[in-house]
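Colleague: What follows is a structure written as structure tokens; I'll ask about it next.
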Amino acid sequence: MQEASEVPAVRMQQLRKSYHRGNQEVPVLNGIDLVIEAGAFVALVGPSGSGKSTLLNLIAGLDQPSGGDLEVFGQELSVLSEGALARWRASHVGFIFQFYNLLPVLNALENVELPLLLTGLSRRERREHALAALSMVGLSDRLTHYPSQLSGGQQQRVAIARAVVTDPLLLVADEPTGDLDRASAEEVLAMLEELNEALGKTIIMVTHDNRAAQRARRRIHLDKGELREGADGV
Amino acid sequence: MYLPRLILRNALRHRLRTGLTVLGLAIAVLAFGLLRTVVDAWYAGADAASATHLVTRNAISLVFPLPLTHRERIRRVAGVRKVSYSNWFGGVYITERNFFPRFAVDAGTYLDLYPDYLLPAAERKAFLLDRRGAVVGRKLAQTYGWRLGQSIPLRGTIYPGSWEFVLRGIYDGRQPNTDEGIFLFHWDYLNETLRRNAPRRADQVGVFVLDLMHAEDAARVSGEIDALFKSSLAETLTETEKAFQLGFVSMIDTIVLAVQVVSLMVVVIVLFVMANTMGMAAGERLPEYATLKALGFRPGFLALLVLGESVLIALLGGLAGTALTLPAAAAFSAQTGTLFHGFAVSHTTMVLQLLIALGVGVLAGLPPCLRAARISIIAGLASLN
Ligand SMILES: Nc1ncnc2c1ncn2[C@@H]1O[C@H](COP(=O)(O)OP(=O)(O)O)[C@@H](O)[C@H]1O
Ligand SMILES: [Mg+2]
């Protein structure tokens, strides 16, 4: 435990990412240096198109950087093959999306069980873990409801349960409250706070909602692919 | 477990779309099976042909007869065991729709040549004794509800006039593919009538049917017979009964070819329908595939998810179509009466039907399957916004 907390959650040096549009290179991230401590709750803010999602996707191992170094929990991601990266994501990262991204043909319990299929757990253990995760987000009474039978806030809570059911060290959330009303957004943010404080999950949340950003313990501003730390460490 | 359940639920997501696709497949597979069975039935006659039988006909064309006097010379060719002969009578029974083959045959010898026509001894005797007697297959008798002793009128076409026959025998086929749809009567009766009414057409034979002592002699005997009548007024063409039947069938070979082309086209069309269904389904679900990949699922899992759905839908349609082929073939056979004999859906046809369905499922599922497996997570997730 002691040793783990000394390894930062994220360490990047001169991280660059550019996309290709035709044969034109479009730079998005221009050499970013950043360290995020394990157990942090970070809000990544900035204007639309500034590269927030791009940065988050790199950290979560969904995309590969164009240059620079990136380590997540001490693991250099660029050395992993596609298969190894997929396994790494499954065991280290929980995903929360703006539009929840639940599978519409699976009910709440089945959706939460889904990531556990990639683990060695037995059918019964999977069920127990999924039930525990759903009870944690207060949806024990909605197990057999399908996404279309749940409100946006409830769907996002199912998604949070799905994100934590494998007990990952890192949670990444891209605009988790972007599609929710005020009250539901509050619930979701409170849940993230709880996961951070009580369970020590490292959380990186992209948001352009100021109120959501205020709930994080650290804010990082991104503007045109450049970093600007703000109102940090309060 | 999980993957099959996911596949099944995905297939049921758009019930109308899936239902229509299954229906389309079922109809295509049914059409393929029926058309193939029709083609099989055309060739069934040739398959039933005996290896020791030769048929001698007029070299110019089947529509020209041969003189009866050829018989003696044919019989003297070494290796020939027995000679019989027959004329295609044509004619109409009540209406044109009631088609079945009618032959005037040299009764005694003809029945000896076709031991697969099982005729009770008493009926055989009654037939041979009655100049106007007729013998028919069991299936034919059942189709028209004929009973022994009843008279059967035919209106002549090739041989004009009103003809009246008395049913003296009903034969059963010894083999499953023995033709039970044939009407036989005495060549002598035909010939006597012609002598009276159209003497110039008398003593003419449609074809000679001969039985060999050894099947291996077929080529030599055919050659010798045709050489015998070379440069005569009625040159002959002798071939095995099977070749003769196939030649008869080949008159409609073009139709058979058309039938095969049509059944192929039906399959190709349903392949496009299926590919469209799967393409639409996969297109709608790209964000889901990207999400699954983000969660750590491998391309192989997504490939199985898509291909499994395609194969499931195709096999459902294939099974339904194959199952419907049996009753449809029975109904078709009943409608066409005795036009076809041996109208049965073969095991090969049913296996082919299921293989075609499987092939359509795999082929149609392949492009969306590759698309799902190769999708970039970033692009797939972005398509949701
Ligand atoms: N797959 C892509 N291909 C090309 N350009 C992209 C792609 N993804 C993002 N971009 C561009 O990168 C920039 C940053 O995008 P993004 O990280 O989504 O911004 P943010 O999340 O801050 O709104 C934008 O200009 C966007 O157009
Ligand atoms: Mg974004």
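Rule-based calculations on the coordinates, nothing more; no lab input. Given the structure is predicted, the values throughout are model-derived calculations rather than measurements. Every residue, glycine as well, gets a Cβ built from its backbone with ideal geometry; the counts of neighbours run over all protein chains shown.
Colleague: For peptide B:295-306, how many partner chain Cβ atoms fall within 10 Å of a residue's Cβ, on average? It would help to have the intermediate numbers written out before the result.
Modeller: Working: counts 14, 17, 7, 6, 3, 1, 2, 0, 0, 0, 0, 0.
So the per-residue partner count for this stretch is 4.
Colleague: Tell me the label-point distance for the pair B:E216, B:I27, using the 7 Å Cα-to-Cβ offset, in nm and rounded to one decimal.
Modeller: Output for this residue pair reads 5.7 nm.
Colleague: Here's a follow-up. Roughly what % antiparallel, to the nearest 5, for the DSSP beta bridges in the range B:60-234?
Modeller: Working: 24 of 33 bridges.
Restricted to the range B:60-234, the bridges split so that about 75 percent are antiparallel.
Colleague: Shifting gears a bit: Please determine, in degrees from 0 to 90 and to the nearest 10, the orientation of helix A:82-92 with respect to the longest principal axis defined by the Cα atoms of chain A, where the helix direction is its Cα long axis.
Modeller: Value to nearest ten degrees: 60.
Colleague: Continuing with the same structure: Mind checking the dipole of the range B:60-234: about its Cα centre, +1 per Lys or Arg Cβ, -1 per Asp or Glu Cβ, Debye to the nearest 20? Intermediate results must be reported in sequence, preceding the final value.
Modeller: Values: 24 positive and 19 negative charges, 88 e Å.
Computed about the Cα centre, the dipole is about 420 debye.
Colleague: Here's something else I'd like to know. Put +1 on the Cβ of every Lys and Arg and -1 on every Asp and Glu Cβ in the protein assembly as shown; which of B:V80, B:L194, B:V209 then has its Cα farthest towards the positive end of the dipole?
Modeller: B:L194
Colleague: Given labels modelled 7 Å from the Cα in the Cβ direction, how far is it in nm from A:T119 to B:R174?
Modeller: If labels sit at A:T119 and B:R174, their model points lie 7.5 nm apart.
Colleague: How much length would be gained if the chain were fully extended between B:A59 and B:E72, taking 0.36 nm per residue of separation minus their Cα-Cα distance, in nm to one decimal?
Modeller: Values: separation 13, 0.36 × 13 = 4.68 nm, distance 1.85 nm.
Fully extending the segment from B:A59 to B:E72 adds 2.8 nm.
Colleague: Take every Cα pair under 8 Å in the range B:152-307 that's 6+ residues apart, average their separations, divide by the length, and report that relative contact order as a whole percent. List each step's numbers first, then the result.
Modeller: Values: 49 pairs, mean separation 11.2, N = 156.
Value for the range B:152-307: 7 percent.
Colleague: Another question about this same structure. For the range A:17-22, just list the computed ³J(HN,Hα) in residue order, Karplus coefficients 6.51, -1.76 and 1.60, θ = phi - 60°, integers in Hz, with x standing in for Gly and Pro.
Modeller: 8, 9, 9, 10, 10, x
Colleague: Under the definition of Cα pairs under 8 Å and six or more residues apart, what whole-number percent is the relative contact order of chain B?
Modeller: Values: 654 pairs, mean separation 113.0, N = 385.
Value for chain B: 29 percent.
Colleague: Between B:R195 and B:Y43, what FRET efficiency follows from the Cβ-Cβ distance if R0 is 45 Å, with the result rounded to 0.05? Mind showing how you got there, number by number?
Modeller: On the way: r = 38 Å, r/R0 = 0.85.
The value I calculate is 0.70.
Colleague: Moving on to the next point. Are there trypsin sites (Lys or Arg not before Pro) in the range B:216-288 that DSSP marks as loop and that have at most 15 other Cβ atoms within 10 Å, and which are they?
Modeller: On the way: sites: B:R220, B:K230, B:K242, B:R285; in loops: B:K230, B:R285.
When the trypsin sites (Lys or Arg not before Pro) of the range B:216-288 are filtered for loop state and at most 15 Cβ neighbours within 10 Å, B:K230 remain.
Colleague: OK, next. Check the straight Cα-Cα distances from A:K224 and name the lysines below 21 Å, setting aside those fewer than 8 residues away within the same chain.
Modeller: A:K17, A:K52
Colleague: Can you compute the modelled spin-label distance between B:L16 and A:H145, with each label point 7 Å from Cα toward Cβ, in nm?
Modeller: If labels sit at B:L16 and A:H145, their model points lie 2.8 nm apart.
Colleague: Would you please give the FRET efficiency between B:V351 and B:A382, computed as 1/(1 + (r/R0)^6) with r the Cβ-Cβ distance and R0 = 51 Å, to the nearest 0.05?
Modeller: Values: r = 46 Å, r/R0 = 0.90.
The pair B:V351/B:A382 has a calculated efficiency of 0.65.
Colleague: So for chain A, Kirkwood radius off the Cα pairs, Stokes-Einstein at 37 °C and 0.692 mPa s: how many µm² s⁻¹?
Modeller: Numbers: Rh = 18.2 Å.
The diffusion coefficient I find is 180 µm²/s.
Colleague: Here's something else I'd like to know. Which residues among the range A:9-53 fall inside the zone where the amide N is under 18 Å from a point 7 Å beyond the Cα of A:R228, along Cα→Cβ?
Modeller: A:28-34, A:43-53
Colleague: Using only Cα atoms, find the angle between the long axis of helix B:299-336 and the longest principal axis of chain B, and express it within 0 to 90 degrees, rounded to the nearest 10.
Modeller: 30 degrees
Colleague: Under 12 Å from the Cα of B:K125, which aspartates and glutamates turn up, not counting those fewer than eight places away in the same chain?
Modeller: Once the sequence-local aspartates and glutamates are set aside, nothing remains near B:K125.
Colleague: Using only the alpha-carbon atoms, how far is helix B:241-250 inclined from the longest principal axis of chain B? Give it as 0 to 90 degrees, nearest 10.
Modeller: 60 degrees
Colleague: Turning to a different aspect of this structure: If you count the DSSP beta bridges with both ends in chain A, what percent of them are antiparallel, to the nearest 5? Can you show the working numbers first?
Modeller: Values: 22 of 39 bridges.
Antiparallel bridges: around 55 percent, rounded to the nearest 5.
Colleague: I would also like to ask the following. For A:G46, what residues show an amide H to amide H distance below 5 Å, using hydrogens built from the backbone and excluding near sequence neighbours?
Modeller: A:L222
Colleague: Under a straight-distance cross-link criterion of Cα-Cα below 26 Å, which lysines are reachable from B:K242, leaving out those fewer than 8 residues away in the same chain?
Modeller: Correct list for B:K242: B:K82, B:K139, B:K230.
Colleague: Now a separate question. Kindly state, to the nearest 0.05, the FRET efficiency for B:R138 paired with B:R374, given R0 = 45 Å and r defined as their beta-carbon distance. Display every interim value, and only then the final one.
Modeller: Values: r = 62 Å, r/R0 = 1.39.
Here the calculated transfer efficiency is 0.10.
Colleague: A:R87 label point, 7 Å along Cα→Cβ, cut-off 20 Å on backbone N: hits in the range A:103-136?
Modeller: Taking a point 7 Å out along Cα→Cβ of A:R87, the residues of the range A:103-136 whose backbone N falls under 20 Å are A:115-122.
Colleague: Related question: May I ask you to list the chymotrypsin sites (Phe, Trp or Tyr not before Pro) in the range B:91-161 that are in a DSSP loop and have at most 15 other Cβ atoms within 10 Å of their Cβ?
Modeller: Working: sites: B:Y93, B:F99, B:F103, B:Y110, B:Y117, B:F127, B:Y144, B:W146; in loops: B:F99, B:W146.
Answer in residue order: B:F99.
Colleague: OK, next. Over chain A, what is the relative contact order in percent, taking alpha-carbon pairs closer than 8 angstrom and at least six residues apart? Please report the intermediate quantities before stating the final value.
Modeller: Values: 450 pairs, mean separation 65.3, N = 234.
That works out to 28 percent.
Colleague: Quantify how strongly other chains surround peptide B:114-126 by giving the mean number of their Cβ atoms within 10 Å of each of its Cβ atoms. Working shown, then result.
Modeller: Values: counts 0, 0, 0, 0, 0, 0, 0, 0, 0, 0, 0, 0, 0.
So the per-residue partner count for this stretch is 0.
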